[in-house]
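The values are calculated or read from the model by the stated rules, or taken from the named source; none is laboratory data. Source: prediction; values computed, not measured. Every residue, glycine as well, gets a Cβ built from its backbone with ideal geometry; the counts of neighbours run over all protein chains shown.
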Amino acid sequence: TAPALTIQELTAQRDRAREDFAALVGRGLKLDLTRGKPSPRQLDLANELLDVRAPVVSADGTDLRNYGGLNGLAELRAIFSQALQVPVEQLLAAGNSSLELMHDAVVFAQLSVLPGGERRWADEPEIAFLCPVPGYDRHFGICERYGITMIPVPMTETGPDMDVVERLAADDARIKGIWCVPKYSNPDGTVYSAETVRRLAAMPTAAPDFRIFWDNAYAVHHLTDKPAEIADLLASCAQSGNPDRAFVFGSTSKITFAGSGVGFFGASAANVKWWLSHTVKRSIGPDKINQLRHVRFLKDADGLREHMRQHAALIRPKFDAVDKILSTELSGTGLASWTSPAGGYFILLRVPAGCAAAVVAKAKEAGIALTPAGATHPHGDDPQDQLIRIAPTFPELAEVEAAIDALATCVRLVGTEKLLA
Ligand code: PLP
């Protein structure tokens, strides 16, 4: 809440912000807080992947240099089965990106009837997805690309507002799916509660082929020593009599190499069969040598956990620095609030309504690249214009500090000018 400042106090603050901003522009910074990418040091943690030694054979003796193995390497699927909460036989290891799997899931559903469905999505007059907001812009991009109507649903501290989700999903047969990032959500860091998972799995849906796109991109990306656990969606769907409702996605993009990792798809046996009936036409098999490298490097679920602790050690100081600087510069001003996520890749900054785009523009003038305001919403339109996604992992710590300090100056400038307008 805004402190009760006199006009004189506020004017003094604005004038100071103007001076600070002018000095900032004079520094000619060039910093980038846009995309959630691992830093070079984080990538270095996995450099062992670059040594692939022969023989490249799987546990069952298959020569991995050759064609085949559409499901992906069983040993790798075993390592990720627990983290992604999918039984090994229902988990597939694929190419280097989970986003492409989400994309393909939508395309396959457009072109062929899903288990439980009556028609291909392409044959429906209109289809729609529920989009919890704030959310991930690339999910919205897939919907845009394929003409899927996006229906925003507000996020709460325990996941999407389930009263809204249940009402819409039950009433509107156009609604075929929902995007969910259930752990350390992009961008708000939310961890879905067990109750949210239970309600998603159990709710009646007007569409018989409704799918939850469960993008567990940050399943093992903890920033604290108390890893968040979420309820098992796949099991919950099965228990609720909706075994085919969940599509689970994940990847090693922010575990090993963002550009050369492994993507995963998990679902019910019927969904996996449906999936493979399409992917078999698309490829004779994934890059199994890359998958083997991951097995040799990570070894097992404990190896994965230990590796993620090393990531946390590198990035936690950056998250702490953001929090510290924002607290020093903006606490008590009423001009901003922000998340303190326990994992994932983002901090979400909330500024007064109508200020986010202006803050991003001012930051650009000062040489700080930020994700466009609005990217957290379908069609890039945050109706309140108040959310800014901060991605602190990629720059060096000193750069993060300089960028956040600059961002705080922009918030003070835009915020005080707005209050005085
Ligand atoms: N899903 C979420 C929620 C993400 O934040 C990201 C990357 O930022 C991705 C998916 C991309 O995943 P991948 O690299 O596996 O395609």
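Scanning the stretch 340-392 for residues that are within 16 Å of the ligand (Cβ to nearest atom), more than 25 Å from P38 (Cβ to Cβ) and not in a loop (DSSP other than H, G, I, E, B) returns a single hit, P378. Any chance you could count how many residues in the stretch 310-332 are surrounded by fewer than 17 Cβ atoms within 10 Å (Cβ to Cβ) and within 17 Å of V414 (Cα to Cα)? Total satisfying the criteria: 2. Residue by residue through the stretch 79-107, note down the ones that are part of a loop (DSSP other than H, G, I, E, B) and within 12 Å of the ligand (Cβ to nearest atom). Scanning the stretch 79-107 gives A94, G95, N96, S97. Keeping to the stretch 261-278, report how many residues are more than 16 Å from the ligand (Cβ to nearest atom) and not in a loop (DSSP other than H, G, I, E, B). The number of residues fulfilling the criteria is 10. Scanning the stretch 212-229 for residues that are more than 11 Å from the ligand (Cβ to nearest atom) and of a type in the set (A, V, I, L, M, F, W, C) yields I212, V220, L223, A228.
Has the stretch 200-219 got any residue that is within 20 Å of Y184 (Cβ to Cβ), polar (S, T, N, Q) and either not assigned by TED's automatic domain parsing to the domain that holds W179 or not in a helix (DSSP H, G or I) (or both)? Scanning the stretch 200-219, I find at least one residue that is within 20 Å of Y184 (Cβ to Cβ), polar (S, T, N, Q) and either not assigned by TED's automatic domain parsing to the domain that holds W179 or not in a helix (DSSP H, G or I) (or both), so the answer is yes. Scanning the stretch 184-192 turns up no residue that is outside any loop (DSSP other than H, G, I, E, B) and at pLDDT 95 or above.
Cβ-Cβ distances below 6 Å connect the following pairs, each with a first residue in the stretch 34-49 that is under 21 Å from R293 (Cβ atoms), a second residue that is of a type in the set (K, R) and more than 16 Å from the ligand (Cβ to nearest atom), and a separation of six or more residues or different chains: L49/R293.
Inspect the stretch 292-302 for any residue being within 14 Å of the ligand (Cβ to nearest atom) and either touching a residue at least 24 places away in the same chain (Cβ under 8 Å) or over 19 Å from R41 (Cα atoms) (or both) and give the result as yes or no. Checked the stretch 292-302: at least one residue is within 14 Å of the ligand (Cβ to nearest atom) and either touching a residue at least 24 places away in the same chain (Cβ under 8 Å) or over 19 Å from R41 (Cα atoms) (or both).
Does S260 satisfy the condition of being surrounded by fewer than 24 Cβ atoms within 10 Å (Cβ to Cβ) and over 30 Å from S340 (Cβ atoms)? Here the answer is yes, as S260 does meet what is asked. Among the residues of the stretch 321-337, is any assigned to a strand (DSSP E or B) and away from the ligand (no atom under 16 Å from the Cβ)? Within the stretch 321-337, one or more residues are assigned to a strand (DSSP E or B) and away from the ligand (no atom under 16 Å from the Cβ). Among residues of the stretch 15-29 that are aromatic (F, W, Y), those with a Cβ under 6 angstrom from a residue that is part of a helix (DSSP H, G or I), sequence gap 6+ or separate chain, pair up as F21/T409; F21/L413. Give the residues of the stretch 3-55 that are surrounded by fewer than 15 Cβ atoms within 10 Å (Cβ to Cβ), within 32 Å of the chain's Cα centre (by Cα) and assigned to a loop (DSSP other than H, G, I, E, B), sorted by residue number. Of everything in the stretch 3-55, those that are surrounded by fewer than 15 Cβ atoms within 10 Å (Cβ to Cβ), within 32 Å of the chain's Cα centre (by Cα) and assigned to a loop (DSSP other than H, G, I, E, B) turn out to be G28, K30, R35, D51, V52. Scanning the stretch 387-412 for residues that are surrounded by 22 or more Cβ atoms within 10 Å (Cβ to Cβ) and without any contact (Cβ under 8 Å) to a residue 60 or more places away in the chain returns a single hit, I388.
What residue, among those in the stretch 230-258 that are part of a loop (DSSP other than H, G, I, E, B) and within 16 Å of the chain's Cα centre (by Cα), is nearest to the ligand (Cβ to nearest atom)?
Going through the qualifying residues, I end up with S253.
In the condition set (1) within 16 Å of the ligand (Cβ to nearest atom); (2) touching a Ser or Thr at 6+ places or on another chain (Cβ under 7 Å), L43 is compliant with all but (2). Checking each residue in the stretch 124-166 for being surrounded by fewer than 17 Cβ atoms within 10 Å (Cβ to Cβ), within 16 Å of the ligand (Cβ to nearest atom) and closer than 25 Å to L349 by Cα picks out R138, G141. Criterion applied to G147, G116 was being part of a loop (DSSP other than H, G, I, E, B) and in contact (Cβ under 8 Å) with a residue 60 or more places away in the chain, and the one residue passing it is G116. Scan the stretch 76-90 and give yes if some residue there is charged (D, E, K, R), buried (at least 18 other Cβ atoms within 10 Å of the Cβ) and under 24 Å from G259 (Cβ atoms), otherwise no. The answer is yes; a qualifying residue exists. Test A358 against the criterion of being of a type in the set (A, V, I, L, M), in contact with a Phe, Trp or Tyr (Cβ under 9 Å, 6 or more places away or on another chain) and modelled with pLDDT of 95 or more, and give yes or no. So A358 fails the test.
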